[in-house]
Amino acid sequence: AQSVAQPEDQVNVAEGNPLTVKCTYSVSGNPYLFWYVQYPNRGLQFLLKYITGDNLVKGSYGFEAEFNKSQTSFHLKKPSALVSDSALYFCAVRDSRSNDYKLSFGAGTTVTVRA
Amino acid sequence: DVKVTQSSRYLVKRTGEKVFLECVQDMDHENMFWYRQDPGLGLRLIYFSYDVKMKEKGDIPEGYSVSREKKERFSLILESASTNQTSMYLCASSLSRVTGGDTQYFGPGTRLTVL
């Protein structure tokens, strides 16, 4: 079975401050991990993914995420947040041992960046 | 760029009506998915398809059916709409079952209200 948890419903930061959105996962094999962002009344946009290799993954719009196997985490980070980063963020996981291509999504974290 | 389009952004239907949600992707992707998104629950998979005329149940298939007559088109059908099917519906596609860690690309979503 595969699952992902986003422990924070909401994250509030001031513009220019670092932004972190937390994600933890559970899989029986190796994880394939994804981050998506959703702006109001829009579909999900792909930000970045971890498949294998370097634990630090760089993605779109200045975002990066760090894979930590011992802590089963894949936190999304941005060194300096912008007001335009305010959105809903989803973490997703697929177990490498699964024989289908379904993703399991977290409940989402609403990020608000205040000016 | 991958483009996934959905036939309607907003839809209002009455209880008992038959509802068709259409999704088209233009990148020759093999896999297509239908999700519903509800606040606090994240995305839940309804049905998915790996090939033409092929379908697999997701986590919440009850009350829904799907059709995939052409590779680029995946339709979600609500045989008899009910108020608890009021939700945001998201379609996604991904390239192939062969590659691991396949990124899913999403359409803009259809916000369905059943009265």
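Table for the structure above
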{"quantity": "Distance between the stretch B:1-77 and the stretch A:59-115 - C-alpha centres, whole angstrom", "calculated": "24 Å"}
{"quantity": "For chain A, the longest site-free run once trypsin sites (Lys or Arg not before Pro) in DSSP loop states with at most 13 other Cβ atoms within 10 Å are removed", "calculated": "A:1-68"}
{"quantity": "Estimated FRET transfer efficiency (B:Ser82, A:Arg97; beta-carbon r; R0 45 Å; 0.05)", "calculated": "0.80"}
{"quantity": "Within chain B, longest stretch clear of exposed trypsin sites (Lys or Arg not before Pro) (DSSP loop, no more than 16 other Cβ within 10 Å)", "calculated": "B:19-52"}
{"quantity": "Those residues of the stretch B:78-94 whose amide nitrogen sits under 17 Å from the label point placed on B:Leu41, 7 Å along Cα→Cβ", "calculated": "B:78-91"}
{"quantity": "Karplus-derived 3J(HN,Hα), 6.51/-1.76/1.60, for each residue of the stretch B:76-86, Hz, glycine and proline x", "calculated": "10, 10, 9, 4, 8, 4, 10, 4, 6, 9, 5"}
{"quantity": "Which of B:Val24, B:Ala81, B:Gly42, positive extreme of dipole for the stretch B:1-109 (C-beta unit charges)", "calculated": "B:Ala81"}
{"quantity": "Gaussian network model of chain B, Cα within-10 Å springs - most flexible of B:Leu11, B:Leu76, B:Leu45", "calculated": "B:Leu11"}
{"quantity": "Tensor-based shape of the stretch A:31-89 (alpha-carbon gyration tensor, a/c under 1.5 rounded, otherwise prolate or oblate)", "calculated": "prolate"}
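Any read-out appearing in this document is the output of simple, stated calculations on the displayed coordinates, not a laboratory observation. Only a predicted model underlies this, so the values are computations on that prediction, with no experimental measurement involved. Counting neighbours? That spans all protein chains shown, and the Cβs are built from the backbone with ideal geometry, glycine included.
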